[in-house]
1. How would you order 4-10, 31-37, 59-65 from highest to lowest mean count of nearby Cβ atoms within 10 Å?
2. Using a 1.4 Å probe on the protein heavy atoms only, what accessible surface does E17 show? Give it in Å² to the nearest 10.
3. For G31, which sequence-distant residues (separation of 5 or more, or a different chain) have an amide H within less than 5 Å of its own amide H, given hydrogens modelled in the peptide plane?
4. Could you please put S20, S2 in sequence from largest to smallest accessible area, using a 1.4 Å probe?
5. What nm value, rounded to one decimal, do you get for the distance between D67 and K15 when each label is placed 7 Å out toward the C-beta?
6. Given a 1.4 Å probe and every protein chain left where it sits, what share in percent of the accessible area of the stretch 1-81 is carbon and sulfur?
Amino acid sequence: MSTQNLLIGLNGDVKGELNSHNVEVLGKLDGNIKVTGTLTVQEDGIVSGKVEYENLQVKLGGQISGDIQTMKKSSAKKTSTSEENINDDEYDND
């Protein structure tokens with residue numbers, strides 16, 4: 001999935017490949033994740049997998065694990081201009 005901004009709700013469970021400018025996680029996100037702006041993991045958020053980001057914000061209680069790398073600012077490129085909100089119990093992008 002490619003998007004400009006993504007909000008994963010408290011009950012959201014996203015698995016797969018993701019390219020986005022900004023991502024905010026209240027639920028679960030797992031997979032090959034590339035964030036060219038800011039990845040925000042809220043208090044109950046869980047992020048795992050191969051994660052590449054330009055900016056990272058993890059709130060107290062938020063979890064992030066896996067292959068975590070900072071993206072060089074010169075390699076960050078814009079994604080599409082769409083926005084997505086995922087609040088379903090499960091979303092599989094495999």
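The values are calculated or read from the model by the stated rules, or taken from the named source; none is laboratory data. All values reported here derive from a predicted model rather than from experimental measurement. When we count neighbours, we look across all protein chains shown, and the Cβ atoms used for this are built from the backbone with ideal geometry, even at glycine. These accessible areas exclude ligands, DNA and RNA; they are computed on the full protein's heavy atoms, side chains included. Shrake-Rupley method; radii C 1.70, N 1.55, O 1.52, S 1.80 Å.
1. The densest-packed peptide leads the list: 31-37, 4-10, 59-65.
2. The accessible area of E17 comes to roughly 100 Å².
3. The answer is G16, S48, G49, K50.
4. Result, largest first: S2, S20.
5. With each label point 7 Å from Cα toward Cβ, the separation is 1.9 nm.
6. Values: 1950 of 4200 Å².
For the stretch 1-81, the apolar C and S fraction of the accessible surface comes to 46 percent.
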